[in-house]
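The values are calculated or read from the model by the stated rules, or taken from the named source; none is laboratory data. What you are looking at is a predicted structure, and each value in this text was computed from that prediction instead of being measured. Cβ placement follows ideal geometry from the backbone for every residue including glycine, while neighbour counts extend to all protein chains displayed.
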Amino acid sequence: MAKEKPTLNVAFVGHVDHGKSTSIGRLMFDSGRLPQQEYEKLKALALEKGKAGFEFAYVMDKFKEERERGVTIDLSYQKLLTDKFEVTIIDAPGHRDFIKNMITGASQADAAFLCVAAKEGVQPQTKEHAWLLKTMGVGQVSVLVNKMDTVDFKEDIYKKVKEEVSVILNQVGFKTDDMAFIPASGFKGDNIVKKSEKMDWYKGPTVMEQLDKFNLPGKPTNLPMRMPLQDVYDITGIGTVPVGKIETGVMKIGQKVIVLPGRSGTGIKGEVRTIEMHHEQLKEAEAGDNCGINIRGVGKKDVARGDVVCDASKPATIAEEFVAQVAVISHPTVIAKGYTPVFHVHTAQVPCQFTELIEVNRGGETIKNPDFLKNGDVAKVRIKPIGNLVLETQADNPHMSRFAIRDAGSTVAAGVCIELTPKKI
Ligand SMILES: Nc1nc2c(ncn2[C@@H]2O[C@H](COP(=O)(O)OP(=O)(O)OP(=O)(O)O)[C@@H](O)[C@H]2O)c(=O)[nH]1
Ligand SMILES: [Mg+2]
(Lines give C-alpha, C1' and ligand atoms only; values in the text may rest on other atoms or scores of the structure.)
(Ligands and ions follow the chains in the order given, each with its own letter.)
Protein backbone atom coordinates (compact mmCIF):
# COMPACT_ATOMS: atom_id res chain seq x y z
CA MET A 1 0.00 0.00 0.00
CA ALA A 2 1.27 3.47 -0.86
CA LYS A 3 2.43 5.50 2.09
CA GLU A 4 -0.13 8.05 3.12
CA LYS A 5 0.78 11.64 2.50
CA PRO A 6 0.77 14.09 5.38
CA THR A 7 -2.22 16.42 5.62
CA LEU A 8 -1.84 20.14 5.06
CA ASN A 9 -4.77 22.48 5.76
CA VAL A 10 -4.95 25.45 3.44
CA ALA A 11 -7.56 28.21 3.70
CA PHE A 12 -8.67 30.64 0.98
CA VAL A 13 -9.56 33.99 2.52
CA GLY A 14 -10.11 37.57 1.38
CA HIS A 15 -12.76 40.16 0.56
CA VAL A 16 -16.23 39.14 -0.59
CA ASP A 17 -16.53 38.28 -4.29
CA HIS A 18 -12.81 38.36 -4.99
CA GLY A 19 -13.05 34.81 -6.33
CA LYS A 20 -12.03 32.40 -3.57
CA SER A 21 -14.68 29.75 -4.26
CA THR A 22 -14.25 30.13 -8.02
CA SER A 23 -10.46 29.63 -7.79
CA ILE A 24 -10.93 26.52 -5.65
CA GLY A 25 -13.57 25.15 -8.04
CA ARG A 26 -11.15 25.74 -10.92
CA LEU A 27 -8.38 24.04 -8.95
CA MET A 28 -10.61 20.99 -8.53
CA PHE A 29 -11.63 20.99 -12.20
CA ASP A 30 -8.18 21.48 -13.74
CA SER A 31 -6.60 18.92 -11.42
CA GLY A 32 -9.19 16.36 -12.49
CA ARG A 33 -11.00 16.15 -9.15
CA LEU A 34 -14.19 17.63 -10.63
CA PRO A 35 -15.43 15.54 -13.57
CA GLN A 36 -16.52 17.36 -16.76
CA GLN A 37 -20.06 16.04 -16.32
CA GLU A 38 -20.36 17.51 -12.81
CA TYR A 39 -19.04 20.80 -14.09
CA GLU A 40 -21.65 20.88 -16.90
CA LYS A 41 -24.37 20.25 -14.32
CA LEU A 42 -23.19 23.12 -12.10
CA LYS A 43 -22.96 25.41 -15.10
CA ALA A 44 -26.55 24.67 -16.09
CA LEU A 45 -27.67 25.17 -12.49
CA ALA A 46 -25.90 28.51 -12.18
CA LEU A 47 -27.53 29.67 -15.41
CA GLU A 48 -30.93 28.54 -14.18
CA LYS A 49 -30.50 30.51 -10.93
CA GLY A 50 -29.51 33.62 -12.88
CA LYS A 51 -25.95 33.26 -11.61
CA ALA A 52 -24.01 32.46 -14.77
CA GLY A 53 -20.31 32.56 -13.99
CA PHE A 54 -20.76 31.06 -10.53
CA GLU A 55 -20.39 27.47 -11.74
CA PHE A 56 -16.93 27.05 -10.24
CA ALA A 57 -18.02 28.76 -7.00
CA TYR A 58 -20.91 26.25 -6.82
CA VAL A 59 -18.33 23.49 -6.31
CA MET A 60 -17.80 24.99 -2.84
CA ASP A 61 -21.06 26.87 -2.26
CA LYS A 62 -23.57 24.08 -1.81
CA PHE A 63 -26.37 25.63 0.22
CA LYS A 64 -29.47 26.95 -1.48
CA GLU A 65 -29.01 30.42 0.00
CA GLU A 66 -25.35 30.49 -0.99
CA ARG A 67 -26.20 29.53 -4.56
CA GLU A 68 -29.05 31.98 -4.89
CA ARG A 69 -27.15 34.90 -3.39
CA GLY A 70 -23.83 33.99 -4.93
CA VAL A 71 -21.97 34.32 -1.62
CA THR A 72 -20.23 31.85 0.64
CA ILE A 73 -21.80 31.68 4.10
CA ASP A 74 -20.33 28.64 5.79
CA LEU A 75 -16.96 26.95 5.56
CA SER A 76 -16.61 24.18 3.02
CA TYR A 77 -13.85 21.69 2.50
CA GLN A 78 -12.29 19.79 -0.42
CA LYS A 79 -9.51 17.21 -0.55
CA LEU A 80 -6.77 17.47 -3.13
CA LEU A 81 -3.68 15.33 -3.61
CA THR A 82 -0.47 17.09 -4.55
CA ASP A 83 2.98 15.56 -4.98
CA LYS A 84 3.76 16.08 -1.29
CA PHE A 85 0.50 16.39 0.59
CA GLU A 86 -3.06 15.43 1.01
CA VAL A 87 -4.35 18.98 1.09
CA THR A 88 -7.58 19.96 2.80
CA ILE A 89 -8.75 23.13 1.12
CA ILE A 90 -10.86 25.34 3.38
CA ASP A 91 -13.09 27.84 1.60
CA ALA A 92 -13.88 30.76 3.89
CA PRO A 93 -16.58 33.39 3.41
CA GLY A 94 -15.46 36.94 2.63
CA HIS A 95 -18.68 38.69 3.66
CA ARG A 96 -18.26 40.39 7.03
CA ASP A 97 -21.56 39.01 8.37
CA PHE A 98 -19.97 35.57 8.38
CA ILE A 99 -16.64 36.53 9.93
CA LYS A 100 -17.17 33.99 12.70
CA ASN A 101 -16.93 31.19 10.15
CA MET A 102 -13.84 32.76 8.61
CA ILE A 103 -12.13 32.83 12.02
CA THR A 104 -12.94 29.17 12.59
CA GLY A 105 -11.47 28.40 9.15
CA ALA A 106 -8.33 30.37 9.93
CA SER A 107 -7.93 28.53 13.23
CA GLN A 108 -7.82 25.24 11.32
CA ALA A 109 -5.32 26.37 8.68
CA ASP A 110 -1.60 25.68 8.40
CA ALA A 111 -1.33 28.03 5.44
CA ALA A 112 -3.55 30.43 3.50
CA PHE A 113 -4.09 32.14 0.18
CA LEU A 114 -5.19 35.74 0.58
CA CYS A 115 -7.30 36.35 -2.50
CA VAL A 116 -7.40 39.90 -3.90
CA ALA A 117 -9.18 40.89 -7.11
CA ALA A 118 -6.79 42.78 -9.39
CA LYS A 119 -9.25 45.54 -10.29
CA GLU A 120 -10.52 46.28 -6.77
CA GLY A 121 -7.23 45.79 -4.93
CA VAL A 122 -7.15 45.96 -1.13
CA GLN A 123 -10.65 46.12 0.40
CA PRO A 124 -11.86 46.15 4.06
CA GLN A 125 -11.96 42.39 4.48
CA THR A 126 -8.57 42.03 2.77
CA LYS A 127 -7.14 43.97 5.71
CA GLU A 128 -9.31 42.31 8.31
CA HIS A 129 -8.48 38.82 7.08
CA ALA A 130 -4.77 39.63 7.05
CA TRP A 131 -5.11 40.62 10.72
CA LEU A 132 -7.05 37.52 11.52
CA LEU A 133 -4.55 35.22 9.83
CA LYS A 134 -1.86 36.70 12.02
CA THR A 135 -4.03 36.63 15.14
CA MET A 136 -4.99 33.00 14.60
CA GLY A 137 -1.35 32.04 14.08
CA VAL A 138 -1.40 31.16 10.37
CA GLY A 139 2.28 31.63 9.63
CA GLN A 140 2.43 30.83 5.92
CA VAL A 141 0.60 33.06 3.49
CA SER A 142 0.58 33.41 -0.26
CA VAL A 143 -1.35 36.08 -2.18
CA LEU A 144 -3.62 35.28 -5.08
CA VAL A 145 -3.96 38.35 -7.31
CA ASN A 146 -7.13 37.10 -8.96
CA LYS A 147 -9.35 38.20 -11.85
CA MET A 148 -6.31 39.18 -13.92
CA ASP A 149 -8.52 38.70 -17.02
CA THR A 150 -10.49 41.81 -15.99
CA VAL A 151 -7.34 43.95 -16.29
CA ASP A 152 -6.07 42.42 -19.55
CA PHE A 153 -3.43 40.44 -17.64
CA LYS A 154 -1.39 43.61 -17.25
CA GLU A 155 1.83 43.39 -15.26
CA ASP A 156 1.73 46.99 -14.01
CA ILE A 157 -1.64 46.40 -12.35
CA TYR A 158 -0.34 43.21 -10.76
CA LYS A 159 2.66 45.14 -9.44
CA LYS A 160 0.45 47.86 -8.01
CA VAL A 161 -1.77 45.34 -6.20
CA LYS A 162 1.29 43.43 -4.97
CA GLU A 163 2.67 46.65 -3.52
CA GLU A 164 -0.63 47.57 -1.88
CA VAL A 165 -1.15 44.14 -0.32
CA SER A 166 2.47 44.02 0.88
CA VAL A 167 1.95 47.22 2.86
CA ILE A 168 -1.04 45.68 4.64
CA LEU A 169 0.71 42.39 5.32
CA ASN A 170 3.80 44.16 6.66
CA GLN A 171 1.66 46.28 8.98
CA VAL A 172 0.15 43.15 10.41
CA GLY A 173 3.57 41.57 10.88
CA PHE A 174 4.08 39.27 7.90
CA LYS A 175 7.34 39.32 5.97
CA THR A 176 6.61 39.60 2.26
CA ASP A 177 10.10 39.40 0.71
CA ASP A 178 9.87 35.71 -0.11
CA MET A 179 6.09 35.54 -0.32
CA ALA A 180 4.48 34.23 -3.52
CA PHE A 181 2.11 36.72 -5.19
CA ILE A 182 0.39 34.72 -7.90
CA PRO A 183 -1.34 36.59 -10.73
CA ALA A 184 -4.26 34.41 -11.74
CA SER A 185 -7.72 34.07 -13.15
CA GLY A 186 -9.76 31.55 -11.26
CA PHE A 187 -12.53 31.88 -13.76
CA LYS A 188 -10.43 31.43 -16.90
CA GLY A 189 -7.95 29.05 -15.31
CA ASP A 190 -4.73 31.06 -15.57
CA ASN A 191 -1.97 30.06 -13.12
CA ILE A 192 -4.29 27.92 -11.03
CA VAL A 193 -3.12 24.51 -12.28
CA LYS A 194 -2.06 25.49 -15.81
CA LYS A 195 0.64 28.09 -16.39
CA SER A 196 -0.87 31.14 -18.03
CA GLU A 197 0.13 31.90 -21.61
CA LYS A 198 -1.12 35.44 -21.19
CA MET A 199 1.30 36.41 -18.43
CA ASP A 200 4.70 35.29 -19.63
CA TRP A 201 6.19 38.09 -17.50
CA TYR A 202 5.38 36.00 -14.41
CA LYS A 203 7.97 33.38 -13.47
CA GLY A 204 6.66 32.19 -10.09
CA PRO A 205 4.57 29.18 -9.09
CA THR A 206 0.95 28.39 -9.98
CA VAL A 207 -1.50 27.82 -7.11
CA MET A 208 -1.05 24.07 -7.49
CA GLU A 209 2.74 24.41 -7.33
CA GLN A 210 2.55 26.77 -4.37
CA LEU A 211 0.65 24.16 -2.35
CA ASP A 212 3.76 21.98 -2.41
CA LYS A 213 5.95 24.91 -1.40
CA PHE A 214 4.18 25.30 1.91
CA ASN A 215 5.80 23.51 4.83
CA LEU A 216 4.18 21.11 7.21
CA PRO A 217 3.95 22.86 10.55
CA GLY A 218 7.01 21.77 12.49
CA LYS A 219 6.97 20.67 16.09
CA PRO A 220 7.98 23.62 18.23
CA THR A 221 10.71 21.72 20.08
CA ASN A 222 13.13 24.66 19.99
CA LEU A 223 11.00 26.77 22.36
CA PRO A 224 11.22 26.47 26.17
CA MET A 225 9.30 23.52 27.61
CA ARG A 226 5.66 24.21 28.49
CA MET A 227 3.13 21.61 29.54
CA PRO A 228 -0.29 23.02 30.51
CA LEU A 229 -2.01 20.60 32.86
CA GLN A 230 -5.32 19.02 31.90
CA ASP A 231 -5.74 17.10 35.12
CA VAL A 232 -3.94 15.81 38.19
CA TYR A 233 -4.32 12.22 39.39
CA ASP A 234 -3.21 10.37 42.46
CA ILE A 235 -2.01 6.93 41.46
CA THR A 236 -1.13 4.24 43.96
CA GLY A 237 2.51 3.28 43.77
CA ILE A 238 3.51 6.36 41.80
CA GLY A 239 1.98 9.29 43.63
CA THR A 240 0.80 12.52 42.06
CA VAL A 241 0.51 12.36 38.27
CA PRO A 242 -0.20 15.61 36.43
CA VAL A 243 -1.25 14.96 32.82
CA GLY A 244 -1.30 17.21 29.79
CA LYS A 245 0.03 17.87 26.33
CA ILE A 246 3.50 19.33 25.94
CA GLU A 247 2.86 22.45 23.84
CA THR A 248 6.47 23.42 23.21
CA GLY A 249 9.98 22.23 23.94
CA VAL A 250 11.35 18.96 25.26
CA MET A 251 10.86 17.43 28.71
CA LYS A 252 13.53 15.14 30.16
CA ILE A 253 13.84 12.99 33.25
CA GLY A 254 15.85 14.92 35.83
CA GLN A 255 14.87 18.28 34.34
CA LYS A 256 14.33 21.06 36.88
CA VAL A 257 10.87 22.49 36.44
CA ILE A 258 8.58 25.08 37.96
CA VAL A 259 4.80 24.69 37.89
CA LEU A 260 3.14 28.09 37.42
CA PRO A 261 1.21 29.58 39.07
CA GLY A 262 0.52 26.52 41.27
CA ARG A 263 -1.83 26.78 44.22
CA SER A 264 0.66 29.06 45.96
CA GLY A 265 0.41 31.54 43.07
CA THR A 266 4.17 31.90 43.02
CA GLY A 267 5.14 28.61 41.41
CA ILE A 268 6.07 25.18 42.77
CA LYS A 269 9.58 23.94 42.07
CA GLY A 270 10.44 20.34 41.36
CA GLU A 271 12.28 17.83 39.21
CA VAL A 272 10.82 15.47 36.61
CA ARG A 273 10.99 11.93 38.00
CA THR A 274 8.99 9.89 35.47
CA ILE A 275 7.38 10.47 32.08
CA GLU A 276 4.75 8.06 30.83
CA MET A 277 2.99 7.98 27.48
CA HIS A 278 0.62 5.22 26.29
CA HIS A 279 1.61 3.16 29.38
CA GLU A 280 5.25 3.32 28.42
CA GLN A 281 8.01 4.89 30.48
CA LEU A 282 10.04 7.42 28.51
CA LYS A 283 13.31 9.24 29.09
CA GLU A 284 12.01 12.28 27.30
CA ALA A 285 8.90 13.62 25.58
CA GLU A 286 8.42 16.55 23.24
CA ALA A 287 5.97 19.10 21.83
CA GLY A 288 2.79 17.37 20.73
CA ASP A 289 3.10 14.48 23.18
CA ASN A 290 0.32 13.80 25.66
CA CYS A 291 1.80 12.39 28.81
CA GLY A 292 1.51 11.81 32.51
CA ILE A 293 4.45 12.76 34.67
CA ASN A 294 5.61 12.60 38.24
CA ILE A 295 7.50 15.54 39.67
CA ARG A 296 9.64 15.27 42.78
CA GLY A 297 8.49 18.01 45.15
CA VAL A 298 5.00 18.42 43.71
CA GLY A 299 1.98 16.93 45.52
CA LYS A 300 -1.70 16.57 44.65
CA LYS A 301 -2.68 19.71 46.52
CA ASP A 302 -0.01 21.87 44.92
CA VAL A 303 -1.15 21.88 41.31
CA ALA A 304 -4.35 21.73 39.23
CA ARG A 305 -5.75 22.04 35.74
CA GLY A 306 -4.65 25.33 34.17
CA ASP A 307 -1.20 25.29 35.75
CA VAL A 308 1.78 25.07 33.41
CA VAL A 309 4.88 22.93 33.94
CA CYS A 310 7.80 25.05 32.68
CA ASP A 311 11.52 24.58 32.26
CA ALA A 312 12.83 26.16 35.49
CA SER A 313 15.69 27.88 33.68
CA LYS A 314 13.26 29.60 31.25
CA PRO A 315 9.92 29.91 33.05
CA ALA A 316 6.80 31.44 31.50
CA THR A 317 5.31 34.65 32.86
CA ILE A 318 2.26 35.31 35.00
CA ALA A 319 0.53 38.35 33.52
CA GLU A 320 -0.03 41.45 35.65
CA GLU A 321 -1.68 42.92 32.57
CA PHE A 322 -1.32 42.55 28.81
CA VAL A 323 -2.12 44.08 25.44
CA ALA A 324 -3.91 41.83 22.98
CA GLN A 325 -5.26 41.84 19.47
CA VAL A 326 -8.78 40.50 19.60
CA ALA A 327 -11.34 39.73 16.94
CA VAL A 328 -14.92 40.07 18.17
CA ILE A 329 -16.83 37.13 16.77
CA SER A 330 -20.24 37.11 18.36
CA HIS A 331 -21.38 39.28 21.22
CA PRO A 332 -25.11 39.91 21.79
CA THR A 333 -24.52 43.66 22.26
CA VAL A 334 -21.25 45.56 22.48
CA ILE A 335 -18.06 45.27 24.54
CA ALA A 336 -17.11 48.30 26.64
CA LYS A 337 -14.35 49.09 29.13
CA GLY A 338 -14.90 47.12 32.33
CA TYR A 339 -16.25 44.00 30.59
CA THR A 340 -15.00 40.94 32.51
CA PRO A 341 -15.59 37.65 30.67
CA VAL A 342 -13.72 34.36 31.09
CA PHE A 343 -10.54 33.92 29.06
CA HIS A 344 -9.66 30.40 27.95
CA VAL A 345 -5.91 30.20 27.58
CA HIS A 346 -4.30 26.75 27.02
CA THR A 347 -6.09 24.70 29.74
CA ALA A 348 -6.72 27.65 32.06
CA GLN A 349 -9.93 29.62 32.53
CA VAL A 350 -9.43 32.97 34.17
CA PRO A 351 -11.75 35.98 34.34
CA CYS A 352 -10.08 39.03 32.84
CA GLN A 353 -11.16 42.64 32.58
CA PHE A 354 -11.00 44.93 29.53
CA THR A 355 -9.31 47.98 31.09
CA GLU A 356 -8.64 49.99 27.91
CA LEU A 357 -9.88 49.90 24.34
CA ILE A 358 -6.73 51.16 22.59
CA GLU A 359 -7.80 51.07 18.94
CA VAL A 360 -10.11 49.30 16.60
CA ASN A 361 -9.91 48.40 12.94
CA ARG A 362 -13.40 48.82 11.57
CA GLY A 363 -14.11 48.46 7.86
CA GLY A 364 -10.45 49.04 7.09
CA GLU A 365 -10.24 52.23 9.15
CA THR A 366 -8.36 52.60 12.42
CA ILE A 367 -10.16 54.41 15.25
CA LYS A 368 -8.26 55.33 18.45
CA ASN A 369 -9.89 54.86 21.88
CA PRO A 370 -13.29 53.64 20.68
CA ASP A 371 -16.19 53.69 23.16
CA PHE A 372 -17.13 50.11 22.40
CA LEU A 373 -16.35 47.05 20.26
CA LYS A 374 -18.89 45.21 18.18
CA ASN A 375 -19.04 42.02 16.13
CA GLY A 376 -16.57 41.93 13.27
CA ASP A 377 -14.18 44.41 14.93
CA VAL A 378 -10.48 43.65 15.15
CA ALA A 379 -9.12 45.63 18.08
CA LYS A 380 -6.10 46.27 20.26
CA VAL A 381 -7.06 46.21 23.93
CA ARG A 382 -5.51 46.24 27.40
CA ILE A 383 -6.55 43.41 29.70
CA LYS A 384 -6.09 42.73 33.39
CA PRO A 385 -6.45 39.15 34.64
CA ILE A 386 -8.46 38.72 37.83
CA GLY A 387 -6.31 35.95 39.24
CA ASN A 388 -3.12 34.27 38.13
CA LEU A 389 -2.82 33.66 34.41
CA VAL A 390 0.21 32.09 32.73
CA LEU A 391 0.60 33.81 29.38
CA GLU A 392 3.36 34.71 26.94
CA THR A 393 3.56 37.10 24.01
CA GLN A 394 3.13 35.93 20.44
CA ALA A 395 6.77 36.83 19.80
CA ASP A 396 8.07 34.75 22.73
CA ASN A 397 5.86 31.70 22.36
CA PRO A 398 2.90 31.78 19.96
CA HIS A 399 1.52 28.55 21.43
CA MET A 400 1.12 30.15 24.83
CA SER A 401 -0.21 33.48 23.58
CA ARG A 402 -3.59 32.62 22.03
CA PHE A 403 -6.94 32.67 23.79
CA ALA A 404 -10.68 32.50 23.30
CA ILE A 405 -13.08 34.69 25.23
CA ARG A 406 -16.28 32.99 26.27
CA ASP A 407 -19.40 34.35 27.87
CA ALA A 408 -22.76 32.70 28.57
CA GLY A 409 -21.80 29.53 26.74
CA SER A 410 -20.52 30.93 23.47
CA THR A 411 -17.27 32.22 22.05
CA VAL A 412 -17.41 35.98 22.03
CA ALA A 413 -13.94 36.72 20.69
CA ALA A 414 -10.54 35.25 19.92
CA GLY A 415 -7.19 36.88 20.32
CA VAL A 416 -3.49 36.85 20.93
CA CYS A 417 -1.23 38.54 23.49
CA ILE A 418 1.22 40.96 21.90
CA GLU A 419 2.68 42.81 24.91
CA LEU A 420 2.84 41.75 28.52
CA THR A 421 3.74 43.15 31.94
CA PRO A 422 4.81 40.24 34.14
CA LYS A 423 3.64 39.91 37.70
CA LYS A 424 6.47 39.98 40.23
CA ILE A 425 6.57 36.67 42.06
N1 LIG B 1 -13.69 37.74 -14.60
C2 LIG B 1 -13.47 36.98 -13.54
N3 LIG B 1 -14.47 36.78 -12.66
C4 LIG B 1 -14.21 36.01 -11.57
C5 LIG B 1 -12.94 35.42 -11.34
N6 LIG B 1 -13.00 34.73 -10.18
C7 LIG B 1 -14.27 34.87 -9.73
N8 LIG B 1 -14.99 35.63 -10.55
C9 LIG B 1 -16.40 36.01 -10.42
O10 LIG B 1 -16.58 36.74 -9.20
C11 LIG B 1 -17.81 36.43 -8.61
C12 LIG B 1 -17.60 35.97 -7.19
O13 LIG B 1 -16.87 34.77 -7.17
P14 LIG B 1 -16.78 33.82 -5.89
O15 LIG B 1 -15.87 32.74 -6.26
O16 LIG B 1 -18.14 33.49 -5.42
O17 LIG B 1 -16.12 34.83 -4.86
P18 LIG B 1 -15.78 34.53 -3.33
O19 LIG B 1 -14.50 35.23 -3.03
O20 LIG B 1 -15.81 33.07 -3.07
O21 LIG B 1 -16.99 35.26 -2.60
P22 LIG B 1 -17.49 35.03 -1.06
O23 LIG B 1 -17.21 33.63 -0.71
O24 LIG B 1 -18.93 35.35 -1.04
O25 LIG B 1 -16.67 35.98 -0.24
C26 LIG B 1 -18.44 35.38 -9.52
O27 LIG B 1 -19.31 36.03 -10.42
C28 LIG B 1 -17.29 34.79 -10.27
O29 LIG B 1 -17.63 34.30 -11.55
C30 LIG B 1 -11.90 35.67 -12.31
O31 LIG B 1 -10.77 35.21 -12.19
N32 LIG B 1 -12.23 36.46 -13.35
MG1 LIG C 1 -16.91 32.05 -1.74
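Brief remarks follow.
- Residue ranges of strands (runs of 3 or more DSSP E) in segment 328-395 with at least 2 members in contact with a Pro (Cβ under 8 Å, 6 or more places away or on another chain): 342-345, 348-362, 378-385
- For segment 176-197, filtered to residues that are within 24 Å of the chain's Cα centre (by Cα) and not in a loop (DSSP other than H, G, I, E, B), the residue that is farthest from ligand 1 (Cβ to nearest atom) is Phe181.
- As a summary of the residue check, Thr82 satisfies the conditions (1) modelled with pLDDT under 95; (2) polar (S, T, N, Q); (3) more than 10 Å from ligand 2 (Cβ to nearest atom); (4) out of contact with any Phe, Trp or Tyr (no Cβ under 8 Å at 6 or more places or on another chain) except for the one numbered (1).
- Every residue from segment 178-190 that is buried (at least 24 other Cβ atoms within 10 Å of the Cβ) and free of Cβ contacts under 8 Å to residues at least 40 places away in the same chain: Ser185
- Criterion (surrounded by fewer than 20 Cβ atoms within 10 Å (Cβ to Cβ), more than 17 Å from the chain's Cα centre (by Cα) and at pLDDT 95 or above) met by exactly one of Arg406, Arg382: Arg382
- Taking segment 372-392 as the range and being touching a residue at least 60 places away in the same chain (Cβ under 8 Å) and either out of contact with any helix residue (DSSP H, G or I) (no Cβ under 9 Å at 6 or more places or on another chain) or closer than 13 Å to Val326 by Cα (or both) as the test, the residues that pass are Asn375, Gly376, Val378, Arg382, Ile383, Lys384, Pro385, Asn388, Leu389.
- With respect to the conditions (1) hydrophobic (A, V, I, L, M, F, W, C); (2) in a loop (DSSP other than H, G, I, E, B); (3) surrounded by fewer than 19 Cβ atoms within 10 Å (Cβ to Cβ), Leu223 lacks only one, and its number is (3).
- Condition met for Thr126 (in contact with a His (Cβ under 7 Å, 6 or more places away or on another chain) and among the β-branched types (Val, Ile, Thr)): yes
- Against the numbered list (1) more than 8 Å from ligand 1 (Cβ to nearest atom); (2) within 29 Å of Lys195 (Cβ to Cβ), Leu47 comes up short only at (2).
- With respect to the conditions (1) buried (at least 20 other Cβ atoms within 10 Å of the Cβ); (2) modelled with pLDDT under 90, Ala118 lacks only one, and its number is (2).
- Scanning segment 139-152 for residues that are away from ligand 1 (no atom under 11 Å from the Cβ) and either at pLDDT 95 or above or crowded, with 24+ Cβ neighbours inside 10 Å (or both) returns Gln140, Val141, Ser142, Val143, Asp152.
- Among the conditions (1) of a type in the set (Phe, Trp, Tyr); (2) within 16 Å of ligand 2 (Cβ to nearest atom); (3) over 29 Å from Trp131 (Cβ atoms), the only one that Tyr39 does not satisfy is (2).
- Failed item in (1) surrounded by 15 or more Cβ atoms within 10 Å (Cβ to Cβ); (2) more than 10 Å from ligand 1 (Cβ to nearest atom); (3) of a type outside the set (A, V, I, L, M); (4) under 26 Å from Lys374 (Cα atoms), with Gln78 passing the rest: (4)
- Search result, residues across segment 307-348 that are at pLDDT 95 or above and either charged (D, E, K, R) or on the phi > 0 side of the Ramachandran plot (or both): Asp307, Asp311, Lys314, Glu320, Glu321, Lys337, Gly338
- Every pair of residues 6+ apart whose Cβ atoms lie under 7 Å, when the first sits in segment 13-25 and is outside the structural domain of Arg96 (by TED's automatic domain parsing) while the second is near ligand 2 (Cβ under 8 Å from one of its atoms): none
- Residues of segment 144-192 that are among the acidic types (Asp, Glu) and over 20 Å from Ser31 (Cα atoms): Asp149, Asp152, Glu155, Asp156, Glu163, Glu164, Asp177, Asp178.
- Of the criteria (1) part of a strand (DSSP E or B); (2) among the aromatic types (Phe, Trp, Tyr); (3) away from ligand 1 (no atom under 15 Å from the Cβ), which one Trp131 fails: (1)
- Criterion violated by Phe85 - all others in (1) more than 14 Å from ligand 1 (Cβ to nearest atom); (2) surrounded by fewer than 24 Cβ atoms within 10 Å (Cβ to Cβ); (3) farther than 17 Å from Ile24 by Cα; (4) not polar (S, T, N, Q) satisfied: (3)
- Given (1) away from ligand 2 (no atom under 13 Å from the Cβ); (2) crowded, with 19+ Cβ neighbours inside 10 Å, number of the condition Phe56 does not satisfy: (1)
- The residue list Ile99, Ile24, Ile90 contains one member that is more than 13 Å from ligand 2 (Cβ to nearest atom) and crowded, with 23+ Cβ neighbours inside 10 Å, which is Ile99.
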